[in-house]
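Shown next, in structure tokens, is the structure this report addresses.
Just so it is clear, none of the values below were taken in a lab; they were calculated from the coordinates. Just so it is clear, the structure is predicted and the values come from calculations on it, not from any experiment. All Cβ positions, even for glycine, are placed from backbone atoms using ideal geometry, and neighbour counts span all protein chains on display.
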Amino acid sequence: MLRLIHTSDWHIGQSLRGHGREREHRAVFADLCRLVVEQAADALIIAGDVFDSQNPSGEALRLLYETLRDLHAARPAMTMVVVAGNHDAAGRLEAPRDLLRAFNVHVVGNVRRQEGLVDSRRHLVPLRDAGGSVAAHVLALSYPTAACLPGLTRLEETGGGESQIVRAVRQLYAEMLDAVRDQVAGCPLIATGHLHVAGGLESEGAERRILVGGQHAVPPDVFPAEIAYVALGHLHRAQDLGGGRVRYSGSLFPLSATELGYAHGVTLVTLDGTRVATEHLPLARPVPFLRLPEQGELRLSELGAALQALVTRLALPPDLAVEQQPFVQVRLAREGLGSGFREEADRLAEALPLRLVEARAAPLAQPAPLVVADPLKPLSDHAAEDLFRLAFAARQQRDPDEAEMAVFHQVQALAAAEG
């Protein structure tokens, strides 16, 4: 039996609205060191986005190397596999690979080939169980750049509606499997990936659409059925796909306000012969991340009192160190809200021991469907002014006033003059 911890999307060096996250990273990394001991982990996989930037600072680099050192000290026999994500510079990440091997850390950046064939020695990592026997292998693949994808020449739809990008990703994993099949010798095979798999729930504004050519996602069946478990990175919500064989471990703590409701942590993977079981291991948040109000919205005029009440309820001392202050996300009622509401929210929060990271207005109501008097009548037979009035009312839930109609007529006159 082999016990593996799957984690991803560390984003070391990240800041949230100007606030550094190093203290939080150090806290969750200390928890991770505790977990690998408690769970008697034989292996640890970091499935990409180790750093938040392709040009990480010296402090971020130092934090990574200190963490790998501490993990090795906590569990010396544990094999660690690190792959590059879209936020990482693959060459920079794997530059110290030979040095890191002394700590049983295997770093894999871009796909390596020799004479056109995959260099399987760079991508296949054996995993040993508590008795020292090879119990599984990791097929380590990073974020698939254009250079990594075989036969990628132009973007087009292929037979069956599958895009060339999806076909290239599918071919990449099949090629990798063919290259290592003889070396695996019947042991379970684990693959890594850093990309968006169709069906995965993404965080609003937090994860880029990263595949080449704007292709958003690949189906779960791009990973060959012979692979026992696919350890994914990129999406920050922990979630299963493909019946549980394919999984995102998620990020370690909220990286944006949209992740406030996520259950952050790591995944424990247990391989017993051909049987694979997974368990989500939650991690405590180093600092609170709160929504105000918990449900619904409040008026801007109520925000100051609500922030002060939150400080009182949490018993936050006025001299609380900035890196220990809670993050707060605010939802405001749209009615009567002026264009400078974010600046006013910041002003109300600046003297309090908390960090306001988002003040957002309630979303607009869904517009009513546009209904014309005679839907069978061509649009060209309707007066433009009538269509504008209908569209405005559907969107804004009211009729346009005289000033708004004047603007419409000005635009209409300009359009007529140009054409």
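Please state the shape class of region 163-203: rounded when a/c is under 1.5, otherwise prolate if a/b exceeds b/c and oblate if not, all from the C-alpha gyration tensor. Let's see the in-between values first.
Details: a/c = 3.94, a/b = 1.67, b/c = 2.36.
In terms of gyration-tensor shape, oblate.
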Candidates for Cα Rg over 2.2 N^0.38 Å are (1) 1.20; (2) 1.15; (3) 1.09, and the calculated one carries label (1)
Given 59-71, 187-199, 84-96, 270-282, the highest-first ranking by average Cβ count within 10 Å works out to 187-199, 84-96, 59-71, 270-282
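Counting only helical runs of four or more DSSP H residues, what would the 222 nm mean residue ellipticity of the chain come to if each run contributes -39,500 (n - 2.57) and the total is spread over all its residues? Before the final figure, lay out each step's value.
Numbers: 10 runs with 122 residues, N = 419.
It comes out at -9000 deg cm²/dmol, rounded to the nearest 500.
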Here the residues of region 112-128 lying in the modelled label zone of D182, meaning backbone nitrogen under 15 Å from a point 7 Å along Cα-to-Cβ, are 117-121
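Roughly what % of DSSP beta bridges within the chain run antiparallel, to the nearest 5?
Details: 26 of 63 bridges.
If we restrict to bridges inside the chain, about 40 percent are antiparallel.
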Once normalised by the length of the chain, the mean sequence separation of its alpha carbon contacts under 8 Å that are 6 or more apart gives a contact order in percent of 13 percent
Checked region 289-361 against the a/c 1.5 cut and the a/b vs b/c comparison, axes a ≥ b ≥ c from its Cα gyration tensor; verdict prolate
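Hey, got the dipole for the chain? About the Cα centre, +1 on K and R Cβ, -1 on D and E Cβ, debye to the nearest 20?
With Lys and Arg at +1 and Asp and Glu at -1, about 1240 debye.
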Between the residues A393, L63, A147, the Cα farthest towards the positive end of the dipole of the chain, that dipole coming from +1 and -1 charges on the beta-carbon of Lys, Arg, Asp and Glu, is from L63
